[in-house]
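Just below is one structure, and these are the notes that go with it.
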């Protein structure tokens, strides 16, 4: 999250706002009617909502992940057993599988999305651009269960394309790691296209001309000017792609069931009670692992975003 | 990166008149990848290997009570989520922009945090909280818990979906607030004698309309397609019904998937028409070169 460095100061600010008398500079009214009015009541519902609907589940998650219920006595006690179990055996495989799937599809989506976006700019057609951008919006939102069904109907065992091209004889199966990557790209690539287009717009024609008049080839322009300027946006896009792929559950659950080990599917199974006695909180520990990984990946992005803003902002 | 280099060549003014074949090829390949699954799915819904062309799946879908019920539930959940999200976010964002700028960062972080907690992790926490119900049987809170997971309209889904839609709402509203000089507008309105309520309804909201519409549409699209949370908590909105029916009626579920693509498309089309006018004009003025 983009805030860690400033968090202490901002937390201080929250504390001030919740006191009955906010700092004068904040409350001073410009219209000059009546007594100074307090503004913080307007934001109380938001903070209350977040505390109850997000804070409560999140804290329960973090607390219970470190709690084990003794099957014999029913008493709960503090322990790191859940976390230990969630990082060993089948659950470790699931976590690794999720990370691998997300990494691969994020890299592919970043590269393909950028190439398509650049091709779109290269085609220099306003109408085409408008059409592709709105289509990208639709496909980027076409994920989850409907996407899984579209792919099953296309490339599944009795899918239209499978029958048409006799894919079964080639040994292709949709219900594998490759199949999942193929399906994930269907909503990730359009998301990358709409994410990266503004950054590509920021590559000025003058920069190319300047590079060209200094004798640089196109390859040199991209290597020394284009990509370095784009790099923060590309990495930001890649992080977004990773997060999207990492969090997605429905597509994989509907398409492959449990045949490809993924942590999201294992959490869903554990939540529906498919765990050993005494490991009821295992799902929470696995969820906590997911949050930690997502945090680590997001943290990569923060210093880069600032540099990007300087050039493309 | 080879593709990138080849493609970029065409964009240089010197070679401007050359047809951008590289770009066209890339776009055609992309179009193929994106259109084939849609076309193949549509064909799948109308093609019966035994009987040939049939529209049975669509007829069955229209007759199916489960479809109407689940789609209705999804729509009601979506509208309630948007209403709650806007009721929370519009006043907060406006007040923070105008009067409490020091809170801006805090609100931003809180709205973006749901992005790092995947839905499955969030629902793991929520289901734990819901499991306290039995311990609270003797307290007044028990009634609240009962209302939260009422099968006909599960409020808990509205609450969780609202949390999940905060990033969309925040981003659109933040963009909208940056695009207008709200402070001047509000001061002008107030100095002309308008009350706070009038200012909010007739000055602030109309100026934020594109942002409000785009945030709402994105949230609505998210709720209509959501599967994970509803499935884990045991409710049956549209996408969960689609999966359940898929276990015995493959064609029907694919037809439902196509319907949901159509709904998404319709929603986003609505968005461009409702919110596009003003923003597009502004964007065109700013970027004449594109």
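The values are calculated or read from the model by the stated rules, or taken from the named source; none is laboratory data. Keep in mind that this is a model prediction, so the values were computed, not measured. So basically every Cβ, Gly included, is an ideal-geometry build from the backbone, and we count neighbours across all protein chains shown.
Brief remarks on what is shown
- Selection within segment A:144-163 - facing chain B (nearest Cβ under 8 Å) and surrounded by fewer than 23 Cβ atoms within 10 Å (Cβ to Cβ): A:158, A:160, A:161
- In segment A:167-175, the count of residues that are facing another protein chain (nearest Cβ under 8 Å) and at pLDDT 85 or above is zero.
- Enumeration of residues in segment A:258-281 that are without any contact (Cβ under 8 Å) to a residue 24 or more places away in the chain and within 23 Å of the chain's Cα centre (by Cα): A:258, A:267, A:268, A:269, A:270, A:271
- Here residue B:56 meets the list (1) closer than 20 Å to residue B:267 by Cβ; (2) modelled with pLDDT under 80 almost entirely, failing just condition (1).
- Matching residues in segment A:274-294 - criterion: being exposed (fewer than 14 other Cβ atoms within 10 Å of the Cβ) and modelled with pLDDT of 75 or more: A:292
- Number of the condition not met by residue B:174 [criteria: (1) farther than 21 Å from residue B:221 by Cα; (2) touching a residue at least 60 places away in the same chain (Cβ under 8 Å); (3) away from every other protein chain (no Cβ under 11 Å)]: (1)
- Checked across segment B:182-195, the condition of being surrounded by 22 or more Cβ atoms within 10 Å (Cβ to Cβ) and either within 12 Å of chain A (Cβ to nearest Cβ) or out of contact with any strand residue (DSSP E or B) (no Cβ under 8 Å at 6 or more places or on another chain) (or both) holds for at least one residue.
- Flag for residue A:129 being surrounded by fewer than 24 Cβ atoms within 10 Å (Cβ to Cβ) and farther than 22 Å from residue A:181 by Cα: yes
- Filter result for residue A:129 (free of Cβ contacts under 8 Å to residues at least 24 places away in the same chain, within 30 Å of residue B:33 (Cβ to Cβ) and outside any helix (DSSP H, G or I)): no
- Boolean, residue A:90 is modelled with pLDDT under 80 and more than 12 Å from chain B (Cβ to nearest Cβ): no
- Unique residue being more than 15 Å from residue B:91 (Cα to Cα) and in a helix (DSSP H, G or I) when the list is B:205, B:232: B:232
Results for (1) at pLDDT below 90; (2) crowded, with 24+ Cβ neighbours inside 10 Å; (3) touching a strand residue (DSSP E or B) at 6+ places or on another chain (Cβ under 9 Å), shown as yes or no for each residue.
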{"residue": "B:206", "(1), (2), (3)": "yes, no, no"}
{"residue": "B:213", "(1), (2), (3)": "yes, no, no"}
{"residue": "B:219", "(1), (2), (3)": "no, yes, no"}
{"residue": "B:232", "(1), (2), (3)": "no, no, no"}
{"residue": "B:235", "(1), (2), (3)": "no, no, no"}
{"residue": "B:238", "(1), (2), (3)": "no, yes, no"}
{"residue": "B:248", "(1), (2), (3)": "yes, no, no"}
{"residue": "B:251", "(1), (2), (3)": "yes, no, yes"}
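- Exactly one residue among A:229, A:254, A:239 is part of a helix (DSSP H, G or I) and over 22 Å from the mean Cα position of the chain (by Cα), and that residue is A:229.
- Test: residue in segment A:98-109 that is within 9 Å of chain B (Cβ to nearest Cβ), modelled with pLDDT of 90 or more and assigned to a helix (DSSP H, G or I): no
- Verdict on residue B:124 being surrounded by 19 or more Cβ atoms within 10 Å (Cβ to Cβ) and part of a helix (DSSP H, G or I): yes
- Among the conditions (1) assigned to a helix (DSSP H, G or I); (2) out of contact with any helix residue (DSSP H, G or I) (no Cβ under 8 Å at 6 or more places or on another chain); (3) within 14 Å of chain A (Cβ to nearest Cβ), residue B:143 misses just one, which is (3).
- Test: residue in segment B:97-116 that is assigned to a helix (DSSP H, G or I), within 7 Å of another protein chain (Cβ to nearest Cβ) and at pLDDT below 85: yes
- In segment B:122-131, residue farthest from residue A:246 (Cα to Cα) [restricted to those that are more than 20 Å from the chain's Cα centre (by Cα) and facing chain A (nearest Cβ under 7 Å)]: B:129
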